[in-house]
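For reference, the structure discussed in these notes is given below.
The values are calculated or read from the model by the stated rules, or taken from the named source; none is laboratory data. Fair warning: this is a prediction, and the values are worked out from it, not measured in the lab. Neighbour counts run over all protein chains shown; Cβ positions are idealised from the backbone, glycine included. Note: accessible area is taken over every heavy atom of the protein model, side chains too, but ligands, DNA and RNA are not part of it. Shrake-Rupley method; radii C 1.70, N 1.55, O 1.52, S 1.80 Å.
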Amino acid sequence: MPRNCEFLVVGGGIAGVSCAESLAICRPTASVLLLTESSIVKSVTNLVPVARYLHKFDVREQDVSKMGATIETLVDQLEHINSREHWIRTRTGVVVNYLYLCLCTGGAPKLFSSGGAKESRIIGIRDTDSVLELQRKLAAAKDVLILGNGGIASELAYELKDVNVHWVVKDAHISATFVDPGAAEFFQLARSEVNTKDSSPETAIKRMRYGEVLSKEQNNKHGAALGPDWHRTFDLSGAAGKSDKRLPKIYYKSHIDSYKELSDGSGLAIQLGHEDGSLEKLTCDFIVSATGVLPRHEYTSDCPLKFSEDGGISVDEMMRTNVEDVYAAGDVCTASWAPATHWFQMRLWTQARQMGSMAGRSMAAASEDEIVYQDFCFELFGHVTKLFGYPVVLLGRFNGQDLGRDYEILVRCTRNKEYIKFVLQNGRLRGAILIGDTDLAETCENLILNGIDLQPYGDDILNPDIDIEDYFD
């Protein structure tokens, strides 16, 4: 017997749950059904404002039975969409009739593979199950190779304990998805001097043109993560023995050329290729592939969905797809509208929450023939995370994305304490990286959105002896 609902949301990740919760708020008497492949779903908790439009939060995993009375749940997998008749069929044959459908099926890890070894020795970090698999493998491991340069790779490289870490990155510096070479050096110095005490850190301010800092090889890629501080609740210790400080060995501008299983079956023999054409051999117990995600849409539809070049489902500013009454949000979709001046898409948990909430509001408005406008959060890119133990705030075109070469950057760095980068174009702030407890998030947010001319202030805008909040309240 088919099930009936007004709103059907597919996916139990941050985007799907945010969408379902928004629908429950906007349409409290309507029937909302959440279809999820797992009995464990993710939701946002401890939402704390960092600035006027920017928030930090934790991701909580809970059983679907605790979703609340206003949201029905079904643990199954979407198999087919009949958009003309407004029903879907699940893998187990359950038919669900809907009026509005939102696809929040997320992304799948882009696993490295060249067919040269058993896939059991290559794992991708995406959800709790994959982290538990990593934990099991670490218990007997002495050497681990991490491939990737985004948030998960950066966190793992320094969070793994009692194991030798070989970190292979294609860029000239670490964490290139999020930060520039200067911030990467700040992080590395801080980690290498973790036990060093310095009561009077020296602050340096420098203004540079684009070409002085941003290497030609830098190519930011979209990525995704489990959620803020996901590694806090897991024991990520290996079997190489206790060590006071075991820093990762980093291989810059490198890639895995080939790999095969050792003859005794104890691990992998890896051959790395470097940019200069040289080769290097090493061995490891397994590979952690952390090179981003691919939009996941393993289902069919009677009316073909429109996809973007990156494989995501194309959506407009209301999160609508090309198929009537079908919406999409989170990692599975690609923003195909003309973006605001200070916003662009990255597949992050922050945007998964924003897109899910926007889709819920849009669906609720459509069901009542009301007009709704796009949330203001899509006016300014903003992301709050933590890297190497430091709070990190990214705002606007924080690495000069899509600004060409016509901009300059102003940097303030206090060793082991803070790293602040302003991206300036024609005297106006276009983006910022704030590392450490800077208390500048809201000020930077206002400066970017208001387009205030900062040329009269010169380098004093980052003078540590001047409180710039006094200038711009």
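Please work out the FRET efficiency for the pair E185 and R428, using the Cβ-Cβ distance as r and a Förster radius of 35 Å; give the result to the nearest 0.05.
Numbers: r = 27 Å, r/R0 = 0.77.
Efficiency at R0 = 35 Å is approximately 0.85.
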For this session: Multiply the residue gap between S130 and L47 by 0.36 nm, knock off their C-alpha separation, and tell me the result in nm, one decimal place.
Result: 27.3 nm
For this session: Could you work out how far apart the two model spin labels at F344 and L262 are, taking each label as a point 7 Å from the Cα in the direction of the beta carbon, and quote it in nm?
Result: 4.3
Problem set entry | Under Karplus coefficients 6.51, -1.76 and 1.60, residue-wise ³J(HN,Hα) of the range 138-154 in Hz, glycine/proline x | 5, 4, 10, 9, 10, 9, 10, 9, 9, 10, x, 9, x, x, 5, 4, 5
Problem set entry | the range 326-473: C-alpha gyration tensor shape, a/c 1.5 cut-off, then a/b vs b/c | prolate
For this session: Give the percent of DSSP beta bridges with both residues in the range 237-371 that are antiparallel, rounded to the nearest 5.
Result: 85
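State which entries of K306/K386; K253/K386; K137/K249; K249/K417; K142/K170; K42/K417 exceed 26 angstrom in Cα-Cα distance in the structure shown. Write down the numbers at each step before the final one.
Working: K306/K386 35 Å; K253/K386 24 Å; K137/K249 20 Å; K249/K417 24 Å; K142/K170 24 Å; K42/K417 33 Å.
Violating the 26 Å Cα-Cα cut-off are K306/K386; K42/K417.
Probe of 1.4 angstrom, ligands and nucleic acids ignored: what's the accessible area per residue over the chain, in square angstrom?
Values: 20930 Å² over 473 residues.
So the chain comes to 44 Å² accessible per residue, rounded to a whole number.
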For this session: Within the range 334-365, which residues have the backbone N less than 19 Å from the label spot 7 Å out from I452 along Cα→beta-carbon, could you tell me?
Result: 342
For this session: Set Lys and Arg Cβ to +1 and Asp and Glu Cβ to -1, take the dipole of the chain about its Cα centre, and tell me which of L33, A190, M358 lies farthest positive.
Result: A190
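Got the relative contact order for the chain handy, in percent, Cα pairs under 8 Å and 6 or more residues apart? If you can, show how the numbers build up before the last one.
Details: 1071 pairs, mean separation 86.3, N = 473.
Normalised by residue count, the contact order of the chain is 18 percent.
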Exercise. Scaled to the compact-protein estimate 2.2 N^0.38 Å, what is the alpha-carbon radius of gyration of the chain, rounded to two decimal places?
Worked result: 1.02
For this session: For I452, list long-range residues whose amide hydrogen, built 1.01 Å from N in the peptide plane, is under 5 Å from its own amide hydrogen.
Result: L429
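Using a 1.4 Å probe on the protein heavy atoms, what percent of the accessible area of the chain belongs to carbon and sulfur? Walk me through the intermediate numbers first.
Details: 9720 of 20930 Å².
The computed percentage sits at 46.
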Exercise. What is the spread of the Cα atoms of the range 265-405 along each of their three principal axes, largest first, in whole Å?
Worked result: 63, 40, 31
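What trypsin sites (Lys or Arg not before Pro) does the range 298-357 have in DSSP loop regions with at most 16 other beta carbons within 10 Å? Show your work: numbers first, answer last.
Values: sites: K306, R320, R347, R353; in loops: K306, R347.
Loop-located and lightly packed - K306.
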Exercise. Helix-derived [θ] at 222 nm for the chain: sum -39500 (n - 2.57) over DSSP H runs of at least 4, divide by residue count, nearest 500?
Worked result: -5000 deg cm²/dmol
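Taking a ≥ b ≥ c as the square roots of the eigenvalues of the Cα gyration tensor of the range 100-186, is the shape rounded (a/c under 1.5), prolate (a/b larger than b/c) or oblate? Kindly include the intermediate steps, with their values, before the conclusion.
Details: a/c = 1.67, a/b = 1.09, b/c = 1.53.
Since a/c reaches 1.5 but b/c is at least a/b, the shape of the range 100-186 is classed as oblate.
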Exercise. The range 288-341: D in µm²/s via Stokes-Einstein (Kirkwood Rh, Cα pairs, 25 °C, 0.890 mPa s)?
Worked result: 204
Exercise. With charges set only on the Cβ (+1 for Lys and Arg, -1 for Asp and Glu), what does the dipole of the chain come to about its Cα centre, in debye to the nearest 20?
Worked result: 1180
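Which order do peptides 25-38, 54-67 fall in by mean Cβ count within 10 Å, highest first? Kindly include the intermediate steps, with their values, before the conclusion.
Details: 25-38: 18.9, 54-67: 16.0.
Those peptides, ordered most packed to least, come out 25-38, 54-67.
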Problem set entry | Binned Cα-Cα distance frequencies in the range 384-468 - 5 Å width, integer % | 3, 15, 27, 28, 17, 8, 2, 0
For this session: Along Cα→Cβ, 7 Å out, is where each label goes; now give me the distance between the ones at S120 and Q271 in nm to one decimal.
Result: 2.5
Problem set entry | Burial order of peptide ranges 149-158, 130-139 (average beta-carbon count within 10 Å, highest first) | 149-158, 130-139
Problem set entry | Interchain or long-range residues, amide H under 5 Å from S258's placed H | Q271
Seminar exercise, completed: Computed for the range 53-134: size of charge dipole around the Cα centre, +1 on C-beta of each Lys and Arg, -1 on C-beta of each Asp and Glu, debye to nearest 20, value 260
Seminar exercise, completed: Diffing the range 73-78: the Karplus 3J(HN,Hα) column from phi (6.51, -1.76, 1.60, θ = phi - 60°), in whole Hz with x for Gly and Pro, holds 9, 9, 8, 5, 10, 5
Problem set entry | Shape category assigned to the range 1-55 from the gyration tensor of Cα positions, a/c cut at 1.5 | oblate
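If you restrict to DSSP beta bridges whose two residues both lie in the chain, what percentage is antiparallel, to the nearest 5? Kindly include the intermediate steps, with their values, before the conclusion.
Details: 66 of 106 bridges.
If we restrict to bridges inside the chain, about 60 percent are antiparallel.
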For this session: Output the peptides 454-463, 169-178 sorted from most to least packed, where packing is the average of other Cβ atoms within 10 Å over each peptide's residues.
Result: 169-178, 454-463
Problem set entry | Rg and Dmax of the range 30-141, Cα atoms only, in Å | 18.5, 53
For this session: Treat each spin label as a single point 7 Å out from the Cα along the C-beta direction, and report the T283 to A140 distance in nm.
Result: 1.6
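Could you calculate the contour length gain from D302 to D162, that is, 0.36 nm times the residue separation minus the distance between their Cα atoms, to one decimal place in nm?
Values: separation 140, 0.36 × 140 = 50.40 nm, distance 5.22 nm.
Result for the pair: 45.2 nm of gain on full extension.
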Exercise. Considering only L434, S83, V169, whose Cα is most displaced toward the positive end of the charge dipole of the chain, charges sitting on Cβ of Lys, Arg (+1) and Asp, Glu (-1)?
Worked result: V169
